[in-house]
Amino acid sequence: MLPAPSSAFKRPQSPVSPTTTDTMPDEHEEEWESVHGEQPRHKKGFLGFGSRSRDEASDVDEVCDYEQKYAPDEEHKEMSPNARVWKVYLDECRKFDTRRFEEWRDGLDVLVVFSGLFSIVVAIFCSQAFQRLRPDHHSMTSALLAEMVEIERAIADGTPVEEIAHTITDFTPKTSDLWVNGLCFSSLGVSIFIAVVAMLAKQWLRQYMAIPSGDARDCVRIRHFRYKALEKWRVPEIIAFLPVLMHVSLGLFLAGLVIFLFMFDDTMAIAFATMMSALFVGYTFSTLLPLFYPECPYKTTLSLYSFGTFSAFRRFIFKKGRPFQAVKLPEEDDDDSSTYSSTRTLTDTERAKIDGKGEQIDIQALSWLRDTTSDEAVQNNAARMVNALRDEIVAKAQPEAGSSNLVDL
């Protein structure tokens, strides 16, 4: 049995800071608080959520005892417009939306900045590469002057002028120039598209959070109606797919740059192409690695989208592919196939792995706490808990070993 934690592990109850400002309009402030109770306040920012301090973040993530926060409903009024269940829903959705929109906000801000700077670089390169699709008037002038000199020499020598070759011919762009411009302009178009969609997404989310004032039940209906519409119209998938498009835009530009270098110097182009090929292989490897090892931190949006196809292929190998039934991935357990077949997303697979090694992770976490903290009381409590967990694991293993011995007898 685990020892009871001492006061060193008790979380202090910190009140909400009264110095921050509310996100509700001033004219609806009193009405909102009378319906939903006092909310944690912070400065306005993206979607009405400003940059939270550490105390405010802990207030959002902290589990709340709603039976103490809100008074019980009167009899036969449990579903009234201002019933406690609606206020609890609003508190929970506030925590959910805050975490979710802050992740989206950070990603969209990075995409807008990066795509804007990248578009400037690509536009400068396109302006130079586009010149190769038109006749070079300076070269044409030099060619005409050279032809005139040849004509004068022919007249002086008595040579027929008709024998002098014409240097000016109809201009036709090279195939390599067409490829370079096509790839670079495609990259520029995708990059601008990403910036526009990112700005539109920020407006979509801002409108999603703009819930008018009213009683708690009306706010719940509006919020959940918009939430279901957000999922129905694939807004999360659109936001998640933008980084993949950014990678596509970058790949198009690099491909055009490689072709452009081959037009001038093969050695330099081969060296650059080798570097880009190594980068592409590393990108592909790091994207697919979390599919085999859920604990791998190299997770990207493309990894999450590829997990469904990977899971279907893995189930086919282990369940229906009889010739491949003995094939196993490196360092996998016997129950890995069942783990992948019972999970729908990469996050679910990671969670299943964590649940399967829960006690081991607990010991590692408490050992880390013991070695990291400078508080002696915390060190002693963590050490006692580590020993207790190890004893508990040994106690569980002994009956299993005894039953296996009886079977052997």
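The values are calculated or read from the model by the stated rules, or taken from the named source; none is laboratory data. In this text, all values refer to a predicted model and were calculated from it rather than measured experimentally. Cβ atoms come from the backbone with ideal geometry, glycine included; neighbour counts cover every protein chain shown. Remember, those area values only see protein heavy atoms, side chains included, never the ligands or the DNA or RNA. Shrake-Rupley method; radii C 1.70, N 1.55, O 1.52, S 1.80 Å.
With each label point set 7 Å from Cα along the Cα-Cβ vector, what nm distance links residue 362 and residue 284?
For the pair residue 362/residue 284, the computed spacing is 4.4 nm.
With the alpha-carbon atoms as the only input, what is the per residue convex hull volume for segment 85-159 in Å³?
On the way: hull volume 6.4 nm³, N = 75.
Here the figure is 85 Å³ per residue.
If you take the beta carbon distance between residue 387 and residue 99 as r and set R0 to 35 Å, what does 1/(1 + (r/R0)^6) give as a FRET efficiency, to the nearest 0.05?
Working: r = 35 Å, r/R0 = 1.01.
After rounding, the FRET efficiency stands at 0.50.
Not counting ligands, DNA or RNA, and with a 1.4 Å probe, what is residue 93's accessible surface area in Å² rounded to the nearest 10?
Approximately 20 Å² for this residue.
Expressed in nm to one decimal, what extension gain is obtained for the pair residue 234 and residue 210 from 0.36 nm per residue of sequence separation less their Cα-Cα distance?
Working: separation 24, 0.36 × 24 = 8.64 nm, distance 1.94 nm.
Residue separation times 0.36 nm, minus the Cα-Cα distance, leaves 6.7 nm.
Express the accessible area of segment 224-274 per residue in Å², computed with a 1.4 Å probe while the remaining protein chains stay in the model.
Values: 2970 Å² over 51 residues.
Accessible surface, normalised per residue, equals 58 Å².
Okay, which of segment 355-381 sit inside 18 Å, backbone N to the point 7 Å along the Cα-Cβ direction of residue 395?
Once the point is set 7 Å along Cα→Cβ of residue 395, 359-360, 362-363 turn out to lie under 18 Å by backbone N, inside segment 355-381.
Which whole-Hz ³J(HN,Hα) couplings does segment 104-121 yield from phi under the Karplus relation 6.51 cos²θ - 1.76 cosθ + 1.60, θ = phi - 60°, glycine and proline marked x?
5, 4, 4, x, 5, 4, 5, 5, 4, 5, 5, 5, x, 5, 5, 5, 5, 4
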